[in-house]
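Worksheet: one structure, shown below.
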There are 2 protein chains.
Amino acid sequence: MARPPLARERVLDAYESMLIAEGERAATLDAVARIAGVSKGGLLYHFASKDDLAAAILRRLDALVEEDIERMSHAAEGRVAYYMRTSVMEDDALDRALIAASRLAQAGHPDAAEALRRVRAQWAETLRPAVRDETALQLVMLISDGLYYNNILDSADGAGPTTPKDGALAELIELVERTVS
Amino acid sequence: MARPPLARERVLDAYESMLIAEGERAATLDAVARIAGVSKGGLLYHFASKDDLAAAILRRLDALVEEDIERMSHAAEGRVAYYMRTSVMEDDALDRALIAASRLAQAGHPDAAEALRRVRAQWAETLRPAVRDETALQLVMLISDGLYYNNILDSADGAGPTTPKDGALAELIELVERTVS
DNA sequence: GTCTATATAGCGATAGAC
DNA sequence: GTCTATCGCTATATAGAC
């Protein structure tokens, strides 16, 4: 676990990139192997099947979410502001794993849908002490879901962001914080 | 246009159902034909290709959104309340077309992603006169997006809704209306 | 650990009978 | 307008050399 083979990580990154940029359909073993710079046989040495590849993405997601929950719990700006600010696309490791998992979920992978629901439940649990009541919690969760939904749509083709950024986002966060606390 | 062939509609409905319940991967011509109760040849008489099938879903979506915009414009409860109330899954024709289009978008179909962005822009235009400012508009749009995102996730497998319903939804709508108007 | 070559199956689409 | 039969391609996965 301490030093995973480099080729294995490269393959997983390539799979994730393909899922994000081209969708599940295009993320074939051939295409992933090509992007990762290995042969199909080489790929299948590290991941025995396509399902194995998907499972690895979901494990990566779980690990990144655990770190995120930890950071959110101790964020100086407060949990709500941290959560909303990090819900816009920054193309970091967690964003990418989330979008990849969403692609898998929508392609019909049941474990991916369950993983995403579990992640959402963890976030809700962490946010609950920081908001006034359940209605306020729903409001914050849904706005974050909305930001992710747009990230997911815009990552499909190379479209520019349709959601607020920078100044507009700061105003939105301010409005939400006034509403929920 | 006045009386489209019944078999054609059955095929389109079957395709939509497969997309929603099993994802784009599983919505093969064989599977769709089987659900619709026709042969693959029969299917391909009505829709020349799989792309043609996807395009028909997007045309259906456009027509249903046009009706929805019309209803929203004259809703007695107000545009914001109408919009939020109809953003939770009711399994009506519009919900189904939206989820199907979202599956196509995430499978890498570029026209689907563009269609969904266009729909979102139409909704924003209709809501704008009903809210205080752009930040408020963003808040309403994102909560609706969040509700759809959860619909989409929960439709993949047979999971129960994770978003507010009935009383909790009414409270959320009330909170949002206080915030944006 | 990575490669090439190949088996096997499923998919989209065509052809032609009825 | 709907069917059966079939073609050609591509995808996943295996076998075995290096």
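The values are calculated or read from the model by the stated rules, or taken from the named source; none is laboratory data. Since this is a predicted model, take the numbers as computed values, not measurements. Here the Cβ positions follow ideal geometry from the backbone for every residue, glycine too, while neighbour counts run over all protein chains shown.
Annotations for the structure displayed:
- Output for the stretch B:128-152, where each listed residue is touching a Phe, Trp or Tyr at 6+ places or on another chain (Cβ under 8 Å) and closer than 16 Å to residue A:168 by Cβ: B:140, B:141, B:145
- Filter result for residue B:169 (at the interface with chain A (Cβ under 7 Å from one of its Cβ atoms) and modelled with pLDDT of 95 or more): no
- Residue B:144 within 10 Å of chain A (Cβ to nearest Cβ), assigned to a loop (DSSP other than H, G, I, E, B) and modelled with pLDDT of 95 or more: no
- Condition check for residue A:139: of a type outside the set (Phe, Trp, Tyr), within 10 Å of chain B (Cβ to nearest Cβ) and within 11 Å of the chain's Cα centre (by Cα): no
- Checking each residue in the stretch A:26-48 for being in a loop (DSSP other than H, G, I, E, B), within 13 Å of DNA strand D (Cβ to nearest atom) and surrounded by fewer than 14 Cβ atoms within 10 Å (Cβ to Cβ) picks out A:26, A:39, A:48.
- All of (1) more than 7 Å from DNA strand D (Cβ to nearest atom); (2) at pLDDT 95 or above hold for residue B:1 with one exception: (2).
- The listed residue being in contact with a helix residue (DSSP H, G or I) (Cβ under 6 Å, 6 or more places away or on another chain), at pLDDT 95 or above and within 15 Å of DNA strand D (Cβ to nearest atom), out of A:69, A:57, A:99: A:57
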